[in-house]
Amino acid sequence: MNHFHYVKNELYCEEVPVREVAEQAGTPFYLYSHATLERHIQRFRQAFAEVPHLVCFSAKANSNLAVLRVFVNNGAGIDIVSGGELYRARKAGCEPQKIVYSGVGKTEGEIHQALAADILMFNVESEQELEKIDAVAGASRKKARIAIRVNPDVDPQTHPYISTGMKKAKFGINIGQALYQYRKAAALANIEVVGVDCHIGSQLTKLSPFVDAIAKIRELVQALQQEGFATRYLDLGGGLGITYADETPPDFEEYAQAVIDATRDLGVTLIFEPGRVLVGNAGILVCRVLYTKKGEVKNFVITDAGMNDLARPSLYGSYHGIIAIDRSRTETLTADVVGPICESGDFLAQDREIPAFRPGDLVAVTSAGAYGFTMSSNYNSRPRAAEILVKGQKILTVRRRETLEDLIRGETVPESL
Ligand SMILES: *Cc1c(COP(=O)(O)O)cnc(C)c1O
């Protein structure tokens with residue numbers, strides 16, 4: 001459910017014609033719907049209303065300050081994976097006690113920064129990291145609250161690049177070694193064990209991997225409780241999928257019911273780190289057709305957005321819908337939708353039946369709110385796109401388009417050259 005819809009043949013975001021935004025902002029730009037963001041966070045939280053819980057939006061899916069603020073305003077915390085995301089979370093007004101810190105490679109500086117901010121907890125991913133956190137906490141006379149990220153070895157049945165909970169993954173500590181690691185943590189002077197964490201992957205479209213993971217984690221939580229560990233928090237990560245094409249992921253209520261049923265007796269506060277499911281369908285990427293061209297074996301539609309703006313198709317072969325902002329023209333053609341970047345992997349869609357676009361037409365790439373702008377780059381020295389938030393009738397620029405000056409910020413040509 002989202003607030004992008006056609007009125008007659010014209011695409012609107014809430015009460016604003018997308019064409020109007022394009023005229024104001026130029027192309028390409030990311031466009032987010034405020035009502036959709038609010039609806040998603042409110043419904044996610046509502047689904048867990050009957051149990052103690054904290055929803056920490058995974059900032060890496062969309063870290064725009066205004067987007068983070070919408071979630072913070074709606075009671076959410078933030079899941080961070082870097083010192084940069086901690087900085088953003090604080091700028092967006094997130095209370096430190098609602099910040100959890102994940103990631104396999106936290107540096108000493110980042111650990112120090114997070115301790116100084118007094119975040120809720122670190123999700124620890126290795127023995128050495130545990131020792132490092134203990135040492136940094138000791139040096140600043142603090143106690144670090146931690147959960148260990150446990151790798152339950154279940155197959156999330158998603159793209160290999162976004163599967164994180166299998167034995168061969170770099171993430172977390174294998175569940176077989178978890179008890180040993182917890183005992184070790186308990187012996188460290190500057191560590192306070194507060195919970196258990198796991199995150200098995202992204203874009204999951206079935207409940208069964210979540211259920212299988214929880215079944216394994218439950219045993220660990222119970223074993224820890226028997227040994228007297230205070231496992232106040234059970235962090236189940238993110239990963240719930242969305243509809244890009246014709247997937248039918250579980251809805252919030254189905255997911256919540258399965259999780260609540262499997263954890264009710266544990267006496268824990270549940271933490272969630274949803275990313276994609278909160279923002280994915282709350283955003284689109286709007287671009288303009290520059291040229292069309294008929295190759296010998298393929299048709300091409302060349303747009304002013306490319307893989308530097310939206311990396312997912314090139315990176316994972318991901319599917320995104322390609323729709324017309326003005327759909328009054330009914331002919332279609334089968335084509336590749338490609339960007340201006342000098343790489344053959346620069347495409348937004350391949351062999352797709354799409355409207356018969358002409359130069360100048362506006363195009364929306366759908367379901368682009370998650371891992372869209374956050375993965376964008378300046379490759380080919382292209383200034384990054386603007387980000388616009390629509391709220392009712394209002395068009396709000398939440399990140400201006402980058403300028404040529406932005407492109408060279410921080411660079412110098414040494415005097416001696
Ligand atoms: C990426 C990530 C998430 C969010 O994943 P989604 O699939 O976007 O919900 C949550 N937790 C951790 C540790 C992650 O790395």
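The values are calculated or read from the model by the stated rules, or taken from the named source; none is laboratory data. Here the structure is a predicted model, which is why all the values come from computation and not from measurement. As a convention, Cβ positions derive from the backbone with ideal geometry for all residues, glycine included, and neighbour counts pool all protein chains shown. Surface accessibility is based on the protein's heavy atoms, side chains included, excluding ligands, DNA and RNA. Shrake-Rupley method; radii C 1.70, N 1.55, O 1.52, S 1.80 Å.
For residue 399, the residues whose amide H sits under 5 Å from its own are 387, ignoring neighbours fewer than 5 places away on the same chain, with H placed 1.01 Å from N. Once backbone amide H atoms are built at 1.01 Å from N, residue 54 has 270, 271, 272 as its partners under 5 Å, excluding neighbours fewer than 5 places away on the same chain.
For residue 405 and residue 226, the FRET efficiency from 1/(1 + (r/R0)^6), where r spans their Cβ atoms and R0 equals 51 Å, is about 0.25. Select from 238, 267, 172 the residue whose mean-square fluctuation is largest in a Gaussian network model of the chain (Cα-Cα springs shorter than 10 Å). Residue with maximal mean-square fluctuation among 238, 267, 172: 267.
For segment 34-276, a crude dipole built from +1 on the beta carbon of Lys and Arg and -1 on the beta carbon of Asp and Glu, taken about the Cα centre, is about 620 debye to the nearest 20.
Surface analysis of the chain yields an accessible area of 44 Å² per residue, using protein heavy atoms and a 1.4 Å probe.
Let me spell out the model: positive unit charges on the Cβ of Lys and Arg, negative unit charges on the Cβ of Asp and Glu, origin at the Cα centre of the chain. What dipole size does that give, in debye rounded to 20?
Details: 46 positive and 51 negative charges, 107 e Å.
Computed about the Cα centre, the dipole is about 520 debye.
Here the accessible area of the chain is 49 percent carbon and sulfur, with a 1.4 angstrom probe and all protein chains present. Dividing the convex hull volume of the alpha-carbon atoms in the chain by its residue count gives 161 Å³ per residue. Listed values for segment 57-69 are Karplus-derived 3J(HN,Hα) couplings in whole Hz (6.51 cos²θ - 1.76 cosθ + 1.60, θ = phi - 60°), namely 4, 7, 4, 5, 5, 6, 9, 4, 4, 5, 5, 4, 4, and x replaces Gly and Pro. Between the listed residues 202, 272, 34, the Cα displaced farthest toward the positive end of the dipole of segment 34-276, a dipole computed from Cβ unit charges relative to the Cα centre, is found at 34.
For segment 34-276, what proportion of DSSP beta bridges, expressed in % and rounded to the nearest 5, is antiparallel?
Working: 1 of 30 bridges.
In segment 34-276, approximately 5 percent of DSSP beta bridges are antiparallel ones.
Farthest toward the positive end of the dipole of the chain, out of 349, 109, 179, is the Cα of 109, where the dipole comes from beta carbon charges about the Cα centre. Residue-wise HN-Hα couplings along segment 193-207, as the Karplus relation 6.51 cos²θ - 1.76 cosθ + 1.60 with θ = phi - 60° gives them from phi, are 6, 10, x, 10, 10, 8, 8, 9, x, 10, 6, 7, 10, 10, 7 Hz; Gly and Pro carry x. Computed with a 1.4 Å probe over protein heavy atoms only, the accessible area of residue 20 comes to about 90 Å².
Stokes-Einstein diffusion coefficient for segment 34-276 at 25 °C in a medium of 0.890 mPa s, Rh from the Kirkwood formula over Cα pairs: what value in µm²/s? Walk me through the numbers before you get to the answer.
Numbers: Rh = 17.9 Å.
The diffusion coefficient I find is 137 µm²/s.
When the chain is treated as a Gaussian network with alpha carbon springs shorter than 10 Å, the biggest mean-square fluctuation among 113, 128, 181 belongs to 128.
Couplings 3J(HN,Hα) of segment 99-113, computed from phi: 10, 10, 10, 10, x, 7, x, 6, 7, 4, x, 5, 5, 4, 4 Hz, in residue order, whole Hz [Karplus 6.51 cos²θ - 1.76 cosθ + 1.60, θ = phi - 60°; x for Gly and Pro].
Note on segment 355-410 and segment 1-48: Cα centroid distance 15 Å, given to the nearest whole angstrom.
Ranked highest first by average number of other Cβ atoms within 10 Å, how do 328-335, 196-203, 134-141 line up?
On the way: 328-335: 12.2, 196-203: 26.1, 134-141: 15.8.
My ranking of the peptides, most packed first, is 196-203, 134-141, 328-335.
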